[in-house]
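Read the structure below first, then the notes.
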Amino acid sequence: MDRLTYHPIVWKLGYKTQKRSYRTITRRYGADDVVFLNYGYEENPPVAISLDAADEPDRFPIQLYHRTATQADDLSGAQVLEVGCGHGGGASYLTRTLRPAGYKAMDLNPTGIDFCRRRHRLPGLEFVLGDAENLPFPDQTFDAVINIESSIHYPDFRRFLAEVARVLRPGGHLLYADGRFAPHVPDWEAALAGAPMRMVSDRVINAEILRGMDRNSQRWQELLDRHRSMLARATCQFVQGSKVYQAIESGEFSYRMYRFDV
């Protein structure tokens, strides 16, 4: 059982405390219209996807969603579930650009779900409160499940994988990106190897995550400057030189991207 409790903004908190912290994060950063809470992603040469002007400030977090979701050939017309949707920016972007028939975005944070319902109003996009280890959906409901920078928080990662396999239709995909600190990698790998799905692709993306953090760091610094909070500065992990940045750079944190099929 993977019991690493870690969040990019809140460092080494217990699971119950961490769940409460998500509400604080939403109250603090939701007012700034922060709709992405991931590290970002950039390739060399750059991904260079075409974005609307309103999306351009979130280019690097969007690119992580884009690369993860497009591991599947085509999600147009599909029924998609995102587990751990955060502030909903990825759900909004993928709904608008990949044109699934329906997109359910789920999170355990009720304050975050309320924020998402107010902020992202699109046909076919629905925000749902729920637990990743007990998905509130019938068997074989979805064609794809997306999970980005969320599974590291789950007390029972294996149960999450079993739940994903249960709600996917035959031929469905788990499109997944996350990381683990070095001591937890063997158990993570064992859980993935034992998943009731077939691993189609996997790759380490530490370099791409670091480039995303490098290019997105100024935006987070400006946000922290507005808050003028020493605690926020000390615990924010999205910026260059943070604890997580150093861990990814040194190889003590392994960030990977996967596709599994049922």
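The values are calculated or read from the model by the stated rules, or taken from the named source; none is laboratory data. What you see is a predicted model, and the numbers here were worked out from it, not measured in a lab. Neighbour counts are summed over all protein chains in view; Cβ atoms, including those assigned to glycine, are modelled from backbone coordinates with ideal geometry. For accessibility, only protein heavy atoms count, side chains too; no ligands or nucleic acids. Shrake-Rupley method; radii C 1.70, N 1.55, O 1.52, S 1.80 Å.
Brief remarks follow.
- Relative contact order for the chain, counting Cα pairs under 8 Å that sit 6 or more residues apart, in percent: 23
- Descending semi-axes in whole angstrom, ellipsoid equivalent of the stretch 151-260, from the Cα gyration tensor: 31, 15, 14
- Note on surface exposure: 120, 66 rank 66, 120 by accessible area, highest first, 1.4 Å probe.
- Heavy-atom accessible area order for 104, 243, largest first, 1.4 Å probe: 243, 104
- Over all pairs of different C-alpha atoms in the stretch 35-261, the reciprocal of the mean inverse distance, the Kirkwood hydrodynamic radius, equals 17.9 Å.
- The sum of -39500 (n - 2.57) across all DSSP H runs of n ≥ 4, divided by the residue count of the chain, sets its helix-only mean residue ellipticity at 222 nm to -12000 deg cm²/dmol.
- Among 51, 122, 141 the positive-end extreme of the charge dipole of the chain (Cβ point charges): 122
- Calculated FRET value between residue 169 and residue 227, using beta carbons and R₀ = 30 Å, to 0.05: 0.10
- The distance linking the stretch 74-148 with the stretch 185-212 is 22 Å (Cα centroid to Cα centroid, whole angstrom).
- Considering only 37, 51, 129, the Gaussian network model of the chain with Cα springs below 10 Å gives its largest mean-square fluctuation to 51.
- Sequence-distant contacts, meaning Cα pairs under 8 Å at least 6 residues apart, place the relative contact order of the stretch 78-121 at 48 percent.
- Estimated inter-spin distance, residue 218 and residue 201, nm [label 7 Å along Cα→Cβ]: 3.1
- Taking θ as phi - 60° and the Karplus parameters 6.51, -1.76 and 1.60, the scalar couplings of the stretch 108-120 work out to 8, 8, x, 5, x, 5, 4, 4, 4, 5, 6, 7, 10 Hz in sequence order, x denoting glycine and proline.
- Each Lys and Arg contributes +1 and each Asp and Glu -1, all at the Cβ; summed about the Cα centre of the stretch 176-262, the dipole is approximately 300 debye.
- Across the stretch 196-211, rounded Karplus estimates of 3J(HN,Hα) from the backbone phi angles (6.51 cos²θ - 1.76 cosθ + 1.60, θ = phi - 60°) give x, 9, 9, 6, 9, 8, 7, 7, 7, 10, 4, 5, 5, 5, 4, 4 Hz, Gly and Pro being marked x.
- Segment residue 240..residue 50, full-extension length gain: 65.8 nm, with 0.36 nm per residue of separation and the alpha-carbon distance subtracted.
- Solvent exposure of the chain, expressed per residue, is 43 Å² of accessible area, with all protein chains present and a 1.4 angstrom probe.
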